[in-house]
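S.K.: Take a look at this one; I'll ask things after.
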Amino acid sequence: MDQMQHNFVSIRGVKLHVAEIGSGSLAVVFIHGFPEIWYSWRHQMIAIANAGYRAIAPDLRGYGLSEPHPQPEKASFNDFVEDTVAILDYYQIQKAFLVGKDFGSWPVYLLSLFYPSRISGVVSLGVPFFVPRPRRYKELLPEGFYISRWKEPGRAEADFSRFDVRTVWRNIYILFSRNEIPIAEKDKEIMDLVDPSTPLPQWLSNEDIAIYATSYEKSGFDSPMQVPYKGLPEEFTMTDPKVQVPVLLIMGEKDYFLKFPGIEHYITSGEVKNYVSDLEIESLPDGTHFIQEQFPDQVNQLMVSFLEKHA
């Protein structure tokens, strides 16, 4: 970790924190999810650098040490897309591999659709490409579905305000580490789903927890949650989207996202290949939502093999 370089890049009206390691001619850009920051890719960045690549991982705008959107209510996934392109331009990188996880996979897929000439290939952890239908899960899942709750104005803020930042981050991480979708009963809040005595997963060290907690103490939760949870649904207008670049999808078989209606069938039936023709799928039987931290060696090996195949 001592070899990691940290820079601040001013692009598109904000100053973004970017972590970097490695000096290879081929670049790999990592896009994190929630409740994460660049640090969630630490194991992969070091492995990629050791394999001869240049690893770059920003804190997305509103996360970690990066500045938030100047008009948070207008923030969108398109900002993450254009910020990533701007980072490539800043570093004079014409073409790169992209790695995404959780909601971070969506801007990665969008980049491959809108800027295919800039993308060598995509690695997605836990999320296949699919045409978004924003209201689908609200219609199919109970009222206490965590995303529905977090979209209610003031609901998450009131829930989280009962605890300090470290406890809120801890509870979300524990919830997302389970293999069931977080759904609260009508008289309960999302934070109530975690018993205070529940330990964090063993793959996190005390140092890891401190780094995450410190990061979210700086950013708070409002800005990080704006785009993936609180913002209005974004219209997807592409009529026949086809991801033309090679894609590696790494799934943890105990990732709660597989319990979202239709997702597992969409993957196992091969329907996903209607949109992604050059697709490899790898699964780790005990893998959870945080597979890259839980099983870093296995994920690193799969990732490096994919990069070597398509470099």
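The values are calculated or read from the model by the stated rules, or taken from the named source; none is laboratory data. Nothing here was measured: the structure is a model prediction, and the numbers come from that model. Here the Cβ is made from the backbone with ideal geometry for all residues, glycine too, and neighbour counts use every protein chain on show. Quick note on the areas: whole protein, heavy atoms, side chains included, nothing else; ligands and nucleic acids left out. Shrake-Rupley method; radii C 1.70, N 1.55, O 1.52, S 1.80 Å.
S.K.: I need the full set of residues from the stretch 48-99 which are part of a strand (DSSP E or B) and closer than 17 Å to R12 by Cβ, in order please.
M.R.: Listed by number, the residues that qualify are I56, P58.
S.K.: Just checking, does the stretch 204-220 include any residue being among the small types (G, A, S) and at positive phi?
M.R.: Yes - at least one qualifying residue is present in the stretch 204-220.
S.K.: I've got another one for you. Quick check, is Y256 touching a residue at least 40 places away in the same chain (Cβ under 8 Å), aromatic (F, W, Y) and over 17 Å from K101 (Cα atoms)?
M.R.: Against the criterion (touching a residue at least 40 places away in the same chain (Cβ under 8 Å), aromatic (F, W, Y) and over 17 Å from K101 (Cα atoms)), Y256 does not qualify.
S.K.: Run down E253, E189, E217, E234 and say which single residue is surrounded by fewer than 16 Cβ atoms within 10 Å (Cβ to Cβ), closer than 28 Å to A158 by Cα and at pLDDT 95 or above.
M.R.: Just one listed residue meets the conditions, E217.
S.K.: Would you say T239 is among the β-branched types (V, I, T), more than 20 Å from F103 (Cα to Cα), open to solvent by 60 Å² or more (accessible area, probe 1.4 Å) and not in a helix (DSSP H, G or I)?
M.R.: yes
S.K.: A follow-up question, please. Take F295 and tell me if it is modelled with pLDDT of 95 or more and buried (at least 19 other Cβ atoms within 10 Å of the Cβ).
M.R.: yes
S.K.: Still on this model: Pairs needed: first member in the stretch 208-219, touching a residue at least 24 places away in the same chain (Cβ under 8 Å); second member anywhere, assigned to a helix (DSSP H, G or I); C-beta distance under 6 Å; at least 6 residues apart or different chains.
M.R.: Matching pairs, first to second residue: I211/Y39; Y212/W169; A213/R166; A213/W169; Y216/V165; Y216/W169; E217/V165.
S.K.: Mind checking whether some residue in the stretch 44-53 is farther than 29 Å from S177 by Cβ and modelled with pLDDT of 95 or more?
M.R.: For the stretch 44-53, residues farther than 29 Å from S177 by Cβ and modelled with pLDDT of 95 or more: present.
S.K.: Evaluate the following for I93: is it open to solvent by 50 Å² or more (accessible area, probe 1.4 Å), at pLDDT 95 or above and touching a strand residue (DSSP E or B) at 6+ places or on another chain (Cβ under 7 Å)?
M.R.: No, not satisfied.
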